[in-house]
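Chemist: Take this structure first; my questions come after.
The values are calculated or read from the model by the stated rules, or taken from the named source; none is laboratory data. Every value quoted in this text rests on a predicted model; they were computed, and no experiment measured them. Cβ sites come from the backbone with ideal geometry, for glycine too, and all protein chains shown count toward neighbours.
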Amino acid sequence: MKVKQIHHVAYRCKDAKQTVEFYRDLLGMDYLLAFAENEVPSTKEPDPYMHVFMDAGQGNVLAFFELPNSPQMGKDPNTPEWVQHIAFAMESMEELLDAKQQLQEAGLDVLGPVDHGLFDSIYFFDPNGHRLEFAVDKGSDTDRARAQAVADEMLEEWSRTKRAPRQAAWLHEDELNQ
């Protein structure tokens with residue numbers, strides 16, 4: 001079995017209209033379509049919902065559900081807020097910095113840029129509390145191959161020790177810029 005690609009990724013939202021406006025008007029995504037039912041098709045539960053779909057570029061679709069009859073949405077209290085996030089690719093560092101300025105001008109708190117070795121990122125939250133990341137790739141094909149070459153070894157070491165392996169520590173030790 002081999003997956004072709006992600007069809008869509010769905011998250012919950014507090015307000016479908018506000019969510020569409022944020023992703024369309026601030027992040028520039030096209031609003032593709034909406035589904036709304038009073039009964040869940042897969043389970044037949046009587047639970048009205050609005051399901052909206054946004055074009056995240058290159059065939060990637062980001063979707064949201066508004067569920068007015070469900071308890072207020074929350075977060076997993078055992079997972080730090082920096083863990084679960086949606087990362088979007090940007091074309092250049094100039095575009096990343098311009099996006100940061102636009103987001104700040106729109107009143108959002110933006111963290112970064114953060115240097116991840118092979119890419120730089122900024123972070124912010126959508127109106128639903130979902131953490132978003134804009135990332136721009138950097139580094140060479142050689143750098144990426146070097147990181148990929150130790151990925152299996154790192155995973156095995158992590159699996160045994162639950163401590164950060166050092167094989168790719170150069171990514172965060174500024175070796176790319178030397």
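Chemist: So which of Leu32, Leu67, Leu26 ends up being within 21 Å of Leu108 (Cα to Cα) and surrounded by 11 or more Cβ atoms within 10 Å (Cβ to Cβ)?
Modeler: On the way: Leu32 fails: within 21 Å of Leu108 (Cα to Cα); Leu67 fails: within 21 Å of Leu108 (Cα to Cα).
Exactly one of Leu32, Leu67, Leu26 is within 21 Å of Leu108 (Cα to Cα) and surrounded by 11 or more Cβ atoms within 10 Å (Cβ to Cβ), namely Leu26.
Chemist: In the range 115-171, how many are more than 14 Å from the chain's Cα centre (by Cα) and hydrophobic (A, V, I, L, M, F, W, C)?
Modeler: 15
Chemist: Determine which single condition Asn60 fails, assuming it passes every other condition in (1) crowded, with 16+ Cβ neighbours inside 10 Å; (2) touching a strand residue (DSSP E or B) at 6+ places or on another chain (Cβ under 7 Å).
Modeler: (2)
Chemist: Which one of Leu118, Leu96, Leu108 is farther than 30 Å from Trp170 by Cα and either surrounded by 15 or more Cβ atoms within 10 Å (Cβ to Cβ) or among the small types (Gly, Ala, Ser) (or both)?
Modeler: On the way: Leu118 fails: farther than 30 Å from Trp170 by Cα; Leu96 fails: farther than 30 Å from Trp170 by Cα.
The match here is Leu108.
Chemist: Follow-up question, since we're still on this one. Within the range 12-23, is there a residue that is farther than 16 Å from His130 by Cα, surrounded by 14 or more Cβ atoms within 10 Å (Cβ to Cβ) and either in the same structural domain as Asp126 (by TED's automatic domain parsing) or touching a helix residue (DSSP H, G or I) at 6+ places or on another chain (Cβ under 9 Å) (or both)?
Modeler: No, that holds for no residue.
Chemist: Among the residues of the range 142-149, is any more than 30 Å from Met73 (Cβ to Cβ), at pLDDT 90 or above, in contact with a Phe, Trp or Tyr (Cβ under 7 Å, 6 or more places away or on another chain) and not aliphatic (A, V, I, L, M)? So that I can check it myself, show each step before the final result.
Modeler: Going residue by residue through the range 142-149, those that are more than 30 Å from Met73 (Cβ to Cβ) are 142-149.
When the remaining residues are screened for being at pLDDT 90 or above, the result is 142-149.
Still in the list and also in contact with a Phe, Trp or Tyr (Cβ under 7 Å, 6 or more places away or on another chain): none.
Among the residues of the range 142-149, not one is more than 30 Å from Met73 (Cβ to Cβ), at pLDDT 90 or above, in contact with a Phe, Trp or Tyr (Cβ under 7 Å, 6 or more places away or on another chain) and not aliphatic (A, V, I, L, M), which makes the answer no.
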